[in-house]
Amino acid sequence: MTVRFVLGLQWGDEGKGKVTDYLSDWAEVVVRTQGGANAGHTVIIEDKKYVLHLLPSGIIRPNVKCLITHGVVVDPKQLIDEIEEMRGHGVEISDRNLFLSERAHVVMPYHKLLDGAREEMDSKKGSQIGTTKRGIGPCYADKAQRIGIRVGDLYQENLRQKLEPLVAEKSAMLRYFGIGEEISVDRICDDIAEQREVIRPFVCDTYSMIREAVDSGKKILVEGAQGSLLDIDFGTYPYVTSSNCSSGGLITGSGIAPTELSSVTGVVKAYTTRVGSGPFPSEMDQATGERVRNVGKEFGATTGRPRRCGWLDVVALRYTINLSGVTDIALMKLDVLSGLETIRIAVGYKLGGKSIQTPPACTKDFEKLEVEYLDLPGWTENISGARTMNDLPENARRYVETISDLAGIPFTSVSVGPGRAQTIRLED
Ligand code: IMP
């Protein structure tokens, strides 16, 4: 096995950081291919908590080459701050273990302002997406419109010439949104002049590195960000992010051909969460949701916002498994469900009285969706010390076996706590 994808199968925050950290032990190269600083990957090692937004989780391991590819949108300031923070934790980061694509698009200050401004305007109409306000959507929009600034452009003499009309255009948009904040080309150019020198050692052609790594049989881990239900094409549009978070996005974002893939590990939380607005068919009632949120510490790693909590939704799960060709599943945070009398699983969707096998395309149809549940008895025991399936109480075992059967693919690990060791490995 040489090329392994890891991605989230729900609305993000499934616990990919812990899984990629574990798999980084195996990997020689770890690659981030989409999204930007909207991601928040939490890794806990010996009680020390690392929160990564742009850096691949493999950065914590010595001797792992970490690549941020052309598919990622990079805020240079955020990247520099994160590198400094990680160095503060004793993590070594140099041009030997971090590589940034010259083709990656740069998140500019005006992208962040526009992201916030649109959200503000939409919130007055009650239609805001609830973005992370990290400028992700506006940056990808410029990429698609072919007016984006790429990392390589930061070193070109014509940067200022490119920026002048762009800043004029973005200022007009900000005025439309009622934002008085002035953006100045001088200020942006001054900041870039400093930032580009700090990141210069990392900038390179990451695609050639990936090609060489694949051709020489290196062990490559491609780390997804966000979750499949936030995928811009297959997610709950428009309440989605601006990149493809399923396998397709990891393929275009890495340049690794589909036929070169060895496996796709899907990361699934034992329940479901989502941050921000949008349809959520299996959302829990308020009291249960609050309990799960507090026990599971379900607050955004990037924005600190409380996450909405729901039951595991097997209809959505089968959809995202198929979308990405998932070969195995890492089940996360089973311990959080301890103490619930009944555990529900969403097993069917009906729309207009008819069963449907995939989530509807339109937000309005979600409002009419009937969700069918299977109820299983819960367990009261603290399971955070379990290291084999036999250590689990019978009802916890039954829950895992039921969802594995319903999902139709094997679970390779079950996580029972945030620490590296708090994992039941079913197959290595
Ligand atoms: P954006 O990606 O900041 O534009 O936000 C769009 C939607 O995706 C919002 O609902 C965000 O809360 C959500 N989102 C973006 N990144 C993540 C993530 O890493 N985890 C969970 N939700 C995310």
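The values are calculated or read from the model by the stated rules, or taken from the named source; none is laboratory data. What you are looking at is a predicted structure, and each value in this text was computed from that prediction instead of being measured. In this analysis, Cβ positions are derived from the backbone assuming ideal geometry, glycine residues included, and neighbour counts consider all displayed protein chains. These accessible areas exclude ligands, DNA and RNA; they are computed on the full protein's heavy atoms, side chains included. Shrake-Rupley method; radii C 1.70, N 1.55, O 1.52, S 1.80 Å.
Which of the peptides 347-355, 57-65 is most tightly packed, and how do the rest follow, going by the mean number of other Cβ atoms within 10 Å of each residue? Don't skip to the end; give the middle numbers.
Working: 347-355: 12.9, 57-65: 19.9.
Packing order, densest peptide first, comes out as 57-65, 347-355.
Roughly how many Å² is the accessible area per residue of the stretch 245-316, as a whole number, for a 1.4 Å probe? Write out the running numbers ahead of the final one.
Details: 2400 Å² over 72 residues.
For the stretch 245-316, the per-residue accessible area is 33 Å².
How far is helix 206-215 tilted, in degrees, relative to the longest principal axis of the Cα atoms in the chain, given as a value from 0 to 90 rounded to the nearest 10?
Approximately 50 degrees, to the nearest ten.
Mind putting a number on the dipole of the stretch 105-200 about its Cα centre? Charges go on the C-beta only, +1 for Lys and Arg and -1 for Asp and Glu, and I need it in Debye to the nearest 20.
On the way: 16 positive and 16 negative charges, 81 e Å.
The calculation lands at about 380 debye.
So how far, in whole Å, is the C-alpha centre of the stretch 251-291 from the one of the stretch 89-140?
A separation of 20 Å, based on Cα centres.
With a sphere of radius 14 Å drawn around the Cβ of residue 158, what net charge do the other residues whose Cβ falls strictly inside it have (Lys, Arg +1; Asp, Glu -1)?
Details: positive: 150, 160, 162; negative: 153, 157, 164.
Its environment carries a net charge of 0.
Compare 378, 325, 178 in a GNM of the chain, Cα atoms joined below 10 Å, and give the one with the largest fluctuation.
Checking each option, the largest mean-square fluctuation is seen for 178.
Which residue, 149, 217, 163, has the largest displacement toward the positive end of the dipole of the stretch 138-233 when charges sit on each Cβ (Lys, Arg +1; Asp, Glu -1)?
About the Cα centre, the residue reaching furthest to the positive side is 217.
Looking at the P(r) of the stretch 105-200, how many percent of alpha-carbon pairs lie beyond 18 Å? Walk me through the numbers on the way to the answer.
Numbers: 2135 of 4560 pairs.
Everything past 18 Å amounts to 47 percent.
What percent do you get for the relative contact order of the stretch 105-200 when only Cα pairs under 8 Å and 6+ apart count? Please report the intermediate quantities before stating the final value.
On the way: 84 pairs, mean separation 29.8, N = 96.
That works out to 31 percent.
Straight distance only, please: which lysines reach the Cα of residue 162 with their own Cα at less than 27 Å, same-chain residues fewer than 8 apart left out?
Straight-distance partners of residue 162: 77, 112, 133, 143, 170.
Run the reach check for residue 219 against lysines, Cα to Cα strictly under 19 Å, same-chain hits fewer than 8 apart removed. What comes back?
Result set, ordered by chain and number: 16, 18, 65.
With an 8 Å cut-off on Cα pairs and a minimum separation of 6 or more residues, tell me the relative contact order of the chain in percent. Could the numbers behind the result be given before it?
Values: 932 pairs, mean separation 85.3, N = 428.
For the chain, the relative contact order is 20 percent.
I'd like the distance separating the alpha-carbon centroids of the stretch 21-50 and the stretch 146-160, in whole Å.
Between the Cα centre of the stretch 21-50 and that of the stretch 146-160, the gap is 29 Å.
Can you tell which of 104, 330, 168 shows the greatest fluctuation in a Gaussian network model of the chain with Cα springs below 10 Å?
Judging by the Gaussian network model, the answer is 168.
Tell me which of 12, 83, 280 sits at the most positive position along the dipole axis of the chain, charges placed on C-beta atoms (Lys, Arg +1; Asp, Glu -1).
280
Please give me, ordered by residue number, the trypsin sites (Lys or Arg not before Pro) of the stretch 295-346 that lie in loop per DSSP and have at most 13 other Cβ atoms within 10 Å.
On the way: sites: 297, 307, 308, 318, 333, 344; in loops: 297, 307, 333.
In loop regions of the stretch 295-346 (DSSP not H, G, I, E or B), the sparsely surrounded trypsin sites (Lys or Arg not before Pro) are 297.
What does the highest-first list of 384-393, 268-277, 409-418 look like by mean Cβ count within 10 Å? Walk me through the intermediate numbers first.
Details: 384-393: 14.6, 268-277: 24.7, 409-418: 20.1.
Packing order, densest peptide first, comes out as 268-277, 409-418, 384-393.
Note the angle between two axes, namely the Cα long axis of helix 109-125 and the longest principal axis of the Cα atoms of the chain, as a number of degrees from 0 to 90, rounded to the nearest 10.
Value to nearest ten degrees: 50.
Pull up all non-local amide H partners of residue 373: gap of 5 or more, or a different chain, and H-to-H distance under 5 Å with H placed in the peptide plane.
So residue 373 has HN proximity to 347.
Please report, in debye to the nearest 20, how large the charge dipole of the stretch 79-151 is about its Cα centre when each Lys and Arg carries +1 at its beta carbon and each Asp and Glu carries -1 there.
On the way: 12 positive and 12 negative charges, 87 e Å.
That gives a dipole near 420 debye.
In units of 2.2 N^0.38 Å, what is the alpha-carbon radius of gyration of the stretch 52-112? All intermediate terms of the calculation are to be shown ahead of the outcome.
Details: Rg = 11.6 Å, N = 61, 2.2 N^0.38 = 10.5 Å.
Output field value: 1.11.
How large is ³J(HN,Hα), in whole Hz, for each residue of the stretch 398-410 in order, when computed from phi with the Karplus curve 6.51 cos²θ - 1.76 cosθ + 1.60 and θ = phi - 60°, using x for Gly and Pro?
5, 4, 4, 5, 5, 6, 5, 4, 5, 6, x, 9, x
Scan around residue 243 for amide H atoms under 5 Å from its own, H built in the peptide plane at 1.01 Å from N, and keep only partners 5 or more places away or cross-chain.
232
Please report, as a whole percent, how much of the solvent-accessible surface of the stretch 105-200 comes from carbon and sulfur atoms (probe radius 1.4 Å).
With neighbouring chains kept in place, the figure for the stretch 105-200 is 48 percent.
Tally Lys/Arg at +1 and Asp/Glu at -1 over every other residue whose Cβ is under 14 Å from the Cβ of residue 321; what's the total?
Numbers: positive: 318; negative: 14, 231, 313, 328, 405.
My count for the surroundings of residue 321 gives -4.
Quick one: compute the contact order of the stretch 233-367, relative version, from alpha carbon pairs under 8 angstrom and 6+ residues apart, as a percent. Display every interim value, and only then the final one.
Details: 168 pairs, mean separation 41.9, N = 135.
With pairs under 8 Å counted, the relative contact order is 31 percent.
Which whole-Hz couplings ³J(HN,Hα) result when phi for each residue of the stretch 58-66 is put into the Karplus expression 6.51 cos²θ - 1.76 cosθ + 1.60, θ = phi - 60°, listed in order with x for Gly and Pro?
The phi angles translate into x, 4, 6, 8, x, 6, 9, 7, 10 Hz.
Of 284, 209, which has the most accessible area and how do the rest follow, probe 1.4 Å?
Working: 284 15, 209 50 Å².
Correct descending sequence by accessible area is 209, 284.
If you fit an axis through the alpha-carbon atoms of helix 314-324 and take the longest principal axis of the Cα set of the chain, what angle between them do you get, 0 to 90°, nearest 10?
50 degrees
Counting only heavy atoms of the protein chains, get the accessible area per residue of the stretch 105-200 (1.4 Å probe) and round it to a whole Å² value. Don't jump to the answer; show the numbers that get you there.
Details: 5290 Å² over 96 residues.
Value returned for the stretch 105-200: 55 Å² of accessible area per residue.
I want the local charge near residue 15. Using Cβ-Cβ distances under 11 Å, sum +1 for each Lys or Arg and -1 for each Asp or Glu among the other residues. Don't skip to the end; give the middle numbers.
On the way: positive: 16, 18, 269, 333; negative: 13, 14, 21.
Local charge sum for residue 15: +1.
Among 285, 95, 328, determine the one that fluctuates most according to a GNM of the chain built with springs between C-alpha atoms less than 10 Å apart.
285
Provide the descending list of Cα extents for the chain along its principal axes, expressed in whole angstroms.
For the chain, the Cα spread along each principal axis is 66, 51, 39 Å.
Using +1 on the beta carbon of Lys and Arg, -1 on that of Asp and Glu, and nothing else charged, what's the dipole of the chain about the Cα centre, debye to 20? Display every interim value, and only then the final one.
Numbers: 51 positive and 58 negative charges, 78 e Å.
Computed about the Cα centre, the dipole is about 380 debye.
Measure off, as a whole percent, the carbon and sulfur share of the 1.4 Å-probe accessible area of the stretch 355-400, all protein chains present.
Details: 1290 of 2750 Å².
Here carbon and sulfur together make up 47 percent of the probe-accessible area.
Taking amide hydrogens as modeled 1.01 Å from N in the peptide plane, which residues meet the under 5 Å criterion relative to residue 130, leaving out close sequence neighbours?
277
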